[in-house]
Structures are given as C-alpha cells and as structure tokens.
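Each remark here refers to the structure printed beneath this line.
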Amino acid sequence: MPAENDREQRLFAAKRLRADLGKTGIYFAPIRHHSVACARAAQALIADVRPEAVLIEGDSTLDTLLPALMDPAAKPPLAVLVLRKADGETFSSLYPMADFSPEWVSLRAAVELGAQVAFIDQPWAERKADSQTRSLMNERYYAESQTLARLAVQEHCRDQDELWEHLFELRADTGWEEFFDEVFTWSALARLDYEPQVLEAEGSLARETVMTAHIQAWRNRVTGPIAVVTGAFHTLQLIEALSGHEPPAASPAPAELRRDKGPWLIRYDLTRLDAYSGYGAGIRSPGYYQRVWEASDASPTAACLVDIARAANAAETTDTISVAEVIEATLQAERLADLRGHPWPGRTDLLDACASCFSSGEQLPPAVRDAIAEVFGGAKLGELPPNTPTPPIVAEARAWAQRLRLDVSDSLRRHTVLDVRRSASARERARFLALMAFLNAGFAAKTAGPDYIAGRNLGRVREEWDYAWTPMVEAALIGLVADGATLREVAATRLRRAERELDGSPNRRSSNAVAQLIAQALLIGLGDEAGRLRDKIDAMVERDPELSSVVGASNYLLGLWRSADMLSIDSPQSLIGVVAKSCPQIAYLLEQASQVKEDAEPAAVTALLSAAELARQLADPFPDMADVIYSAIARLRDARKTSPGVLGAALAVAVPGTDPGISERVLAAFAPGGDPDHAVRMLAGLMQAAPDLILHVPEILDAIDAAVARLENEDFLLFLPELRRSFTFLKPFETAKVAERIAQRTGVAAEELAATLAISESDMRLGAAVEQALRASLAADALLEWCDA
C-alpha cells in the first residue's frame with residue numbers, strides 16, 4: 001500500500017487530470033453497478049453533455065447485441081450470457097442489467113439522444129477461466145478495502161454497503177459533476193489500498209489496458225464529446241493512462257469472438273440480482289431499489305411497509321402486523337433518517353425500523369422475515385424483444401413446459417402433485433420434470449414420490465415436484481448446447497458419457513451400474529437408450545463376478561417392470577428376460593460367497609439376504625425364477641465348506657417347502673464337544689438374518705444358555721465380543737423379552753438385567769482377571785471350596 005502522502009498526491013493529481021480530460025471532451029462517469037444514484041447522475045451527465053459516443057464497461061464483443069438492447073421492447077431485468085469452452089469444460093459469465101443499472105440507463109439515454117454506443121471492456125474469452133458461472137461486474141475490492149472499512153467505522157456504518165448508501169444514495173441532488181467527483185474520490189481511496197501486482201494478477205490492469213485503447217480509438221474517431229461509463233474502481237487507472245502517466249495502450253483487439261457461441265441476451269430477475277443470493281456483483285435488496293427508481297422523487301417507505309405487512313399477514317400465522325405497527329414503523333424510519341442526517345429514509349433506516357417495530361423478541365418472526373425478503377428482494381422478470389435470437393434448446397424447454405401447463409410466466413417457485421399411476425398427462429409432466437432435473441437445469445426438484453434411481457418408495461403412486469422458471473434456468477440450458485441441440489440429445493449425450501466413464505472404471509463389469517443407467521433413461525423418457533443398455537446388460541449379467549451387483553441389477557429391473565405403466569415402458573418383458581438370465585448366476589455366486597473367512601462373513605450374509613429378498617419378490621409373478629435362488633440357499637445348509645456365519649443365515653432364511661431344522665442345528669453346534677468358535681459365528685449369522693427367531697424357537701436360547709454355562713472364563717471372554725454383536729440385531733423390545741426369559745432362568749429380577757452399568761469391556765476383562773487370580777490364591781490355601789460353599 002502506498003504511503004499516505006503518496007496516496008493523497010496521486011489522488012489530487014488524478015482529480016486535476018480528470019478535469020483536464022473533461023476539457024478535451026472526455027467525461028468520466030465513475031459508477032457502482034446497480035446504483036440508483038449513479039444511474040440518475042449518468043442520465044444527467046448525458047443529457048447535459050450530449051455526447052457523440054457513450055462508451056460502457058462491458059465485454060467488447062457484446063456490441064453484436066446492441067440492436068436488441070436498444071429495442072423499446074427490451075424490458076429489464078436482462079442479462080448477457082457469454083459462454084466459452086476450455087479444457088473440455090463450458091464456462092459462463094453474466095452481465096446483468098436492471099432498470100436502475102447505470103449501464104442500462106446510459107445506453108437508453110444514448111439511444112434517445114442518437115449517440116453511438118459501444119462496449120469497451122476486455123472480452124471475457126480472453127480472461128482466466130473459472131469453474132463457476134461468474135459476473136462481469138464483480139466489486140469485491142470495495143468490500144475488502146481497509147480504507148473504506150475505517151471510513152465506515154468513522155461514519156458509524158456497519159459495512160461499506162451501508163457507508164455507500166449513507167454517502168451517495170441518500171443525498172440531495174448536487175449535480176452530476178460534484179456527485180461523480182466524490183464517487184471518484186471514494187473509489188480511488190479503495191483502489192489505492194491494492195498493490196499493482198495484485199491488480200495485475202487478478203486481471204484488472206489487462207482489462208484497463210483494453211478499455212484505454214478503446215477510449216483512445218473513439219477519441220480519434222469522433223470529434224464531439226465522449227461519455228465513459230465504467231466501474232469507479234477502474235477510473236483512476238484509465239485517467240492516468242489517457243493523460244500519459246502510464247504507457248500508451250495497445251490498439252484494441254479485433255472484435256472476432258473467441259468462444260463457442262453467443263453472446264446471448266436472456267431474461268433475468270431481481271431475485272438473482274440480490275447479493276444475498278450469492279451473486280458477487282449484486283446489491284442488497286434490489287426490489288427496494290426498483291421501488292426507489294420507480295418512485296423518482298418520492299420515498300417508497302410507506303409503500304414498502306404496507307406491502308411487508310400484507311405479505312406477512314397473508315402467511316396465515318400468528319405473526320401478523322397491525323396498522324398501528326405499520327404507522328409506528330413509518331415514523332421510526334423517518335426518525336432514524338433524521339438522526340443519521342438523511343434527507344429521507346433509506347434502506348438501512350427502513351430495515352432497522354422493521355426490526356424495532358415488527359419483532360416481538362430479539363428476532364423478527366419467520367413470517368415477517370420472509371415478507372421483508374420478498375418485498376426487498378423483488379421478483380420482477382425481464383422481457384426480451386420478440387425476435388431476439390435464443391438458443392433453440394431454451395425455446396424448446398419453455399414451449400414444452402407451457403404445453404404441459406406448467407406455469408413459467410414468472411420466476412416464482414411452484415409445487416405440483418402428479419398422480420402418475422392414473423393420469424397419462426401426469427406421467428408426461430413427470431418425465432419432463434425428471435429430464436430437466438437430470439440435466440441440472442435448476443428448474444425442477446422432486447420432493448416426494450418413488451425414487452427409481454435409489455430403488456426406494458416404488459409403491460407410491462404420486463410424485464411431488466417443486467419447479468421455477470428463472471433466468472438461471474435459461475442460462476443453464478444455454479450452457480448445454482455443447483452437448484446437443486435438443487433436450488433429449490443433451491440427455492442422451494450425458495447418459496452415454498456416464499456409460500463411457502463406467503466402462504473405464506473398476507466397476508466396468510457391474511451390471512448393477514448399467515441397471516441404474518437403464519432406470520435413469522426410462523425415467524427421463526429415453527426409451528431407445530434404455531433398449532440399447534438393456535442389450536448391454538443382457539450380455540454382461542452372466543459374467544458379473546459380484547453377487548451384490550447381480551442381485552442389485554435384478555432388483556432394479558424387477559422394480560422397473562412393476563412400474564412399467566408409470567414409466568410408460570414399451571417392452572417391460574425384455575427387462576424380465578434379463579432377470580431370468582441373472583438367477584442362475586446368482587445361484588452360482590451364492591455358493592462362491594458362502595466360502596469366506598470370518599471377517600468377510602457379515603458382508604456375505606448381507607448379500608445372501610438380498611438374494612433371498614429378491615427371491616421373495618419373484619415368488620408371486622415368477623415362481624420358477626425364485627426356485628433357482630431358493631434352491632441355492634437350501635444347498636448352502638448342507639455344504640461342508642459353507643462358512644459358519646453364512647450357514648446361520650441360510651438356516652434362518654425361509655425357503656418354501658423345506659425344514660432347515662434350526663433348533664436341532666443350533667443345539668448340535670452348542671452341544672458339548674462342539675467348536676465354540678463355529679457355534680458363535682453361526683449364531684451371529686442367524687441373528688443377522690432373523691434375530692426374532694431366538695424368541696420364537698425356545699431351543700435356541702436353551703442351547704446358548706447351556707453352552708455359555710459350560711465355557712471357561714477365558715473362552716467366555718474370547719467369544720464375548722461376537723456374542724454381544726449377535727444380540728445387537730435385536731430390537732429394544734426384543735432385547736427386553738430375552739432379558740425376561742433369562743431372568744426367569746436365573747431367578748433374578750428382569751430390571752436388574754436391564755440396568756445400565758458404566759463399565760467398559762476392558763474393565764470387565766480386568767475384573768475377570770482379578771477374580772481368576774483371587775480364586776487361584778484361595779485354591780492354593782485350600783480355601784476355594786469353603787468360599788464356593
């Protein structure tokens with residue numbers, strides 16, 4: 001940061017240079033984007049100076065859109081969307097304009113005057129790529145300025161935005177010259193907080209070089225006055241460069257576009273212009289400033305408060321606002337304005353008055369808070385001239401939504417409930433909404449109903465969706481044009497891209513992953529893609545080495561078959577053909593999965609249970625397919641190589657027409673001379689598969705109780721963790737019933753067994769070791785028999 005004396009000298013010198021440039025016919029209008037005060041001052045400057053050319057900060061390639069921007073039918077909020085591709089990704093940037101944006105007001109004033117108009121900023125395609133949609137009007141340097149932060153404290157303002165309103169938005173008209181002189185001083189103070197290296201790395205200096213070149217070129221082209229409307233942050237550098245205090249700027253780059261397509265003029269709305277929504281160059285409360293602009297010399301204070309009360313009361317909550325409270329808030333806003341030296345109440349005065357008069361405690365009630373956000377945010381949506389070029393994909397999506405009677409007349413979010421089982425039109429709406437959601441267009445989001453991708457809630461017959469047509473939807477749709485000309489083409493491209501990524505991944509043999517793609521294709525109405533993928537899975541299901549994958553794929557396909565009417569599937573039987581092919585593979589993989597080591601048994605049991613559930617679902621419509629899986633599970637019960645945990649689960653699974661002899665097998669496992677490790681692992685598998693069996697088959701509890709009683713302390717401690725894990729599969733009420741039965745056997749009260757002791761497993765091991773040592777000592781002194789007695 002320059003020394004204070006150097007800063008002051010540079011600032012005073014620049015102010016003289018600005019005045020000198022004015023004498024040569026170059027008039028600077030240093031603005032803040034979307035400032036009502038700056039818009040009115042720029043309008044006054046153009047009316048007074050009557051320039052031959054008006055030069056506006058903005059991507060110089062946007063000149064191609066000037067006819068549309070100058071068309072009387074163009075109604076803000078509007079935005080210019082610029083696209084480019086880099087490293088295989090599509091990047092986008094926005095240049096938004098509201099009724100009260102100085103750039104828009106200057107452009108329209110120039111049209112009325114008959115002056116020439118040009119955009120003079122560096123093309124965005126020549127700037128550094130960003131991974132997100134970004135603005136061409138970012139003003140973050142003001143928020144980060146230390147000088148402005150100190151000035152805000154000095155003026156008793158909470159931040160630089162409140163400082164700006166206090167100094168510029170709320171001031172009596174002193175003429176555009178004095179106004180812009182003070183704005184220039186304010187912005188130059190912020191500018192001087194940053195080293196040139198920072199501004200060069202960020203790209204500001206490169207942009208200013210281009211702007212300087214354009215201004216010089218226009219100075220040579222016209223003889224009359226020139227008005228230069230740029231962000232105030234750039235004005236200091238532009239003045240110094242034009243006055244010869246910086247190296248001469250190079251000639252402006254040719255107007256040849258270096259991006260894929262566009263630029264495009266799109267509709268925008270005030271909600272997206274709001275800084276609170278995350279837009280970097282936005283302003284706080286654009287809806288409020290729209291009212292200020294439209295009110296001209298009048299203050300919108302009373303109208304805002306009345307509308308806030310109306311919106312809060314319409315919410316039908318207890319948080320209503322009375323007429324008396326509205327009157328009190330109006331008076332409060334006027335008192336605050338007078339206290340702060342404002343000629344009329346401003347945005348901050350109004351919000352503070354709402355917080356004071358409309359809150360019943362420390363915070364505003366939710367309904368009131370939402371009402372303020374609605375009124376101050378605004379929902380106005382712009383309009384384009386009739387013949388404005390629009391990417392066909394945007395027109396297609398909008399026309400499609402209108403044909404389905406989805407309201408896209410404004411940007412408000414709406415809710416719709418679709419009976420997809422009974423109504424063909426509802427199914428068509430659902431397919432369109434799912435397609436837009438798949439494309440990440442920001443238009444629709446499902447809030448309830450069947451989830452065919454996750455395989456959940458497939459029995460539900462209604463889908464619920466939220467949707468809203470916003471300018472960002474249009475921007476997102478335009479960004480899709482690199483993948484196709486229509487919505488279905490883009491969706492097919494993305495689906496095939498996901499398929500290629502799968503083919504190149506470790507899961508390339510996963511039939512379950514392909515089944516998910518089939519579900520996605522059917523969900524969004526791409527029947528041809530679903531058919532192609534069905535042929536692919538038909539060829540790979542018999543080679544899939546993962547049991548969980550084959551079972552998962554079969555579950556997907558069976559669920560899709562059951563939902564054939566709701567998804568409008570043309571040939572649902574082809575899906576069942578794949579399921580029929582998968583059943584022998586499942587039977588084979590069950591045998592392979594049954595021969596696992598102890599640490600893999602829980603996963604193997606989970607896979608077995610999934611296969612059993614699939615068989616249960618197949619049993620009614622396709623009993624022959626179910627029998628293939630059931631027979632494989634039954635064979636596991638007698639296979640000598642079946643792991644104990646898998647064996648226990650196979651015993652617990654109900655296979656029609658078989659008696660597994662569960663009680664006999666458990667009694668044999670826990671009988672004297674048996675392998676305790678084998679018995680405990682078998683119990684763990686059984687409990688994982690059907691924990692309630694221990695309540696319905698008393699012999700199981702008898703066998704466990706007898707076996708535990710026979711275990712030596714060392715063995716008991718060895719098998720305790722697995723025993724404890726086995727019983728965790730019980731529900732709380734089942735655990736209570738087991739406790740009651742054990743209490744009856746031992747003669748203690750059930751509530752004693754249910755007591756929770758703050759003893760860790762290590763404490764228990766230590767206690768058992770101490771007990772063993774004590775018993776050994778007593779035995780050595782011939783006292784053990786006496787103690788046991």
Exercise. Inspect all residues belonging to region 571-587 and state whether any of them is touching an Asp or Glu at 6+ places or on another chain (Cβ under 9 Å) and basic (Lys, Arg).
Key: yes
Exercise. Would you check if there is a residue in region 577-596 being at pLDDT below 85, under 22 Å from SER510 (Cα atoms), in a helix (DSSP H, G or I) and hydrophobic (A, V, I, L, M, F, W, C)?
Key: yes
Exercise. Tell me, yes or no, whether region 583-593 has at least one residue that is open to solvent by 20 Å² or more (accessible area, probe 1.4 Å), touching a helix residue (DSSP H, G or I) at 6+ places or on another chain (Cβ under 6 Å), among the small types (Gly, Ala, Ser) and farther than 24 Å from ARG422 by Cα.
Key: yes
Quiz item: Taking helices (runs of 4 or more DSSP H) that fall entirely within region 720-789, which contain at least 1 residues that are among the β-branched types (Val, Ile, Thr) and modelled with pLDDT of 75 or more?
Solution: 732-746, 761-780
Practice problem: Give region 702-751 a look and list any residue that's within 19 Å of MET687 (Cα to Cα), free of Cβ contacts under 8 Å to residues at least 24 places away in the same chain and among the small types (Gly, Ala, Ser), or say none. | Solution: ALA736, ALA739
Exercise. Could you please tell me which pairs satisfy a Cβ distance under 9 Å, a separation of 6+ or placement on different chains, a first residue in region 755-782 that is under 14 Å from LEU720 (Cβ atoms), and a second residue that is in a loop (DSSP other than H, G, I, E, B) and at pLDDT below 75?
Key: GLY767/ILE759
Practice problem: Spot the failing condition for VAL368; the list is (1) at pLDDT 95 or above; (2) open to solvent by less than 20 Å² (accessible area, probe 1.4 Å); (3) not hydroxyl-bearing (Ser, Thr, Tyr), and only one is missed. | Solution: (1)
Quiz item: Hey, among VAL680, VAL655, which residue is assigned to a helix (DSSP H, G or I) and open to solvent by less than 20 Å² (accessible area, probe 1.4 Å)?
Solution: VAL680
Quiz item: Could you say which residue among ARG494, ARG431, ARG421 is touching a residue at least 40 places away in the same chain (Cβ under 8 Å), closer than 20 Å to GLY559 by Cα and not in a loop (DSSP other than H, G, I, E, B)?
Solution: ARG431
Quiz item: What about ALA41, is it at pLDDT 90 or above and within 36 Å of the chain's Cα centre (by Cα)?
Solution: no
Practice problem: Could you grab me the full set of residues in region 20-35 that are assigned to a helix (DSSP H, G or I) and either modelled with pLDDT of 95 or more or among the small types (Gly, Ala, Ser) (or both)? | Solution: GLY22
Practice problem: Check off (1) open to solvent by 50 Å² or more (accessible area, probe 1.4 Å); (2) assigned to a loop (DSSP other than H, G, I, E, B) for ALA149 and give me the number that stays unchecked. | Solution: (2)
Exercise. For LEU547, state whether it is under 24 Å from LYS446 (Cβ atoms) and not hydroxyl-bearing (Ser, Thr, Tyr).
Key: no
Exercise. Check whether at least one residue in region 107-124 is at pLDDT below 90 and outside any loop (DSSP other than H, G, I, E, B), and report yes or no.
Key: yes
Quiz item: Do we have any residue at all in region 296-317 that's surrounded by fewer than 18 Cβ atoms within 10 Å (Cβ to Cβ) and under 30 Å from LEU66 (Cβ atoms)?
Solution: yes
Quiz item: Which condition number in (1) in a loop (DSSP other than H, G, I, E, B); (2) open to solvent by less than 20 Å² (accessible area, probe 1.4 Å); (3) at negative phi; (4) at pLDDT below 95 is the one that PRO2 fails?
Solution: (2)
Exercise. Could you tell me which residue of region 164-177 is nearest to the chain's Cα centre (by Cα), considering only residues that are farther than 15 Å from ALA188 by Cβ and part of a helix (DSSP H, G or I)?
Key: GLU165
Exercise. Could you run through region 536-554 and say how many residues are assigned to a helix (DSSP H, G or I), in contact with a helix residue (DSSP H, G or I) (Cβ under 9 Å, 6 or more places away or on another chain) and open to solvent by 50 Å² or more (accessible area, probe 1.4 Å)?
Key: 4
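The values are calculated or read from the model by the stated rules, or taken from the named source; none is laboratory data. As the structure is a computational prediction, the values presented were derived from the model and not from experiment. Here Cβ is always computed from backbone atoms with ideal geometry, including for glycine, and neighbour counts include all displayed protein chains. Just the protein is used for accessible areas: all its heavy atoms, side chains included, with ligands, DNA and RNA removed. Shrake-Rupley method; radii C 1.70, N 1.55, O 1.52, S 1.80 Å.
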